[in-house]
Amino acid sequence: MPADIWHLIGAGSMGTLAASRLLAAGFDVRVISRQGRSLQRRLRWADGRQQGVTLPAAGDESIRRLLVAVKAGDTRLALQPLLPRLCSDAQILRLQNGMGSLDEEPVPASVRVLHLVTTDGAWRSAEDIHVVAENDTLIGDGGDIPPRWLADLLPHWPGLKWCQDIERAQWQKLAVNAVINPLTALHRCRNGELLDGAEREQKMAQLASEVDKLLSACYPDWPMDTLQRSRDIARQTAANTSSMLADVLAGRETELHFINGYLLRRAQRLGLALPAHQSLTCQL
Ligand code: KPL
């Protein structure tokens, strides 16, 4: 039985789903929330399965394993008060959309930061967390050696795989999110409604070609397929409300700064202009 305790910040849909898998693997999971309360959640799958998840509240104990599943824009506020509690050999597992959320709140160099890139999907209603897809999840930190606890977790997390080039996997996901998410937010439409054979698809093409311009400058073998992948994912998730549109509709801050904003910051460093992303970011 694994002895590690995992602390969780961000017990939303994806954070709770990840926590349920850690619990299934025998880890102790404790939630750190503003209210300092334990949480009781229920996961529901489309095939009718249900599972209750109990997340006891953390005390002020030190933290060795931290799952960060808050929205990228909330990372700084959530993480800052925890830094003094992080053990020097702590490990942080980041489960968030977008990139660069830790750039603004750097963690000590001795802390190992691992990233998850997932195509799982879950959303939260008033009562339940609805698991809509369990596909692939890549985990990595840019190195070759998986953490010791991963072997215990693999059997309990469908589609979880170690990935040596996690940065590239993050870019692949971000590339598609940078096309679909802001356009659905702008047009207040579902993902599939971007495929209109007209203006929206032209905007997709412009955004995708700028993403490919930037990423081919970073990766000489970048496949230049962002438009094709964005179209495929818009089709596969046609009925979805993108996470960015959901944020806009709920009056929450969006992840634009960590998706298109991250692309723009990277492009600026390389002296590249991305006018379609720039203008969309201003519009939103
Ligand atoms: O990841 C997504 C998101 O909404 O953030 C996509 C792939 C666009 C699915 O909705």
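Any read-out appearing in this document is the output of simple, stated calculations on the displayed coordinates, not a laboratory observation. Bear in mind the structure is a predicted one, so any value in this text is a computation, not a measurement. Neighbour counts run over all protein chains shown; Cβ positions are idealised from the backbone, glycine included.
Odds and ends about this structure:
- The ranking of 180, 139, 166, 145 from fewest to most other beta carbons within 10 Å of each one's beta carbon is 145, 166, 139, 180.
- In terms of other Cβ atoms within 10 Å, 144, 4 run from fewest to most in the order 144, 4.
- Cβ-based exposure ranking for 219, 262, in which fewest neighbours within 10 Å come first: 219, 262
- Evaluated with a Cβ-only charge set (Lys, Arg +1; Asp, Glu -1), the chain carries a dipole of roughly 440 debye about its Cα centre, given to the nearest 20.
- Size descriptor, Kirkwood hydrodynamic radius, that averages inverse alpha-carbon separations across the stretch 158-234, Å: 13.1
- Cα-centre dipole for the stretch 5-164 with unit charges at Cβ (Lys and Arg positive, Asp and Glu negative), debye to 20: 360
- Convex hull volume of the C-alpha atoms in the stretch 123-280, normalised per residue: 137 Å³.
- Relative to the longest principal axis of the Cα atoms of the chain, helix 166-187 runs at roughly 60 degrees.
- Trypsin sites (Lys or Arg not before Pro), loop per DSSP, at most 16 other Cβ atoms within 10 Å - longest free stretch of the chain: 50-147
- Taking the longest Cα principal axis of the chain as reference, the axis of helix 260-269 is set at about 70 degrees.
- In the frame of its principal axes, the stretch 214-276 has Cα extents of 37, 26, 16 Å, reported largest first.
- Nearest-ten-degree value, helix 226-236 long axis tilted from longest Cα axis of the chain: 70
- Within the chain, longest stretch clear of exposed GluC sites (Glu not before Pro) (DSSP loop, no more than 14 other Cβ within 10 Å): 128-252
- The mean of 1/r over all distinct Cα pairs in the stretch 5-164, once inverted, gives the Kirkwood hydrodynamic radius of 16.0 Å.
- Considering every alpha-carbon pair of the chain, the percent of pairs per 10 Å bin, from zero through the bin containing the longest distance, is 6, 28, 35, 23, 8, 0.
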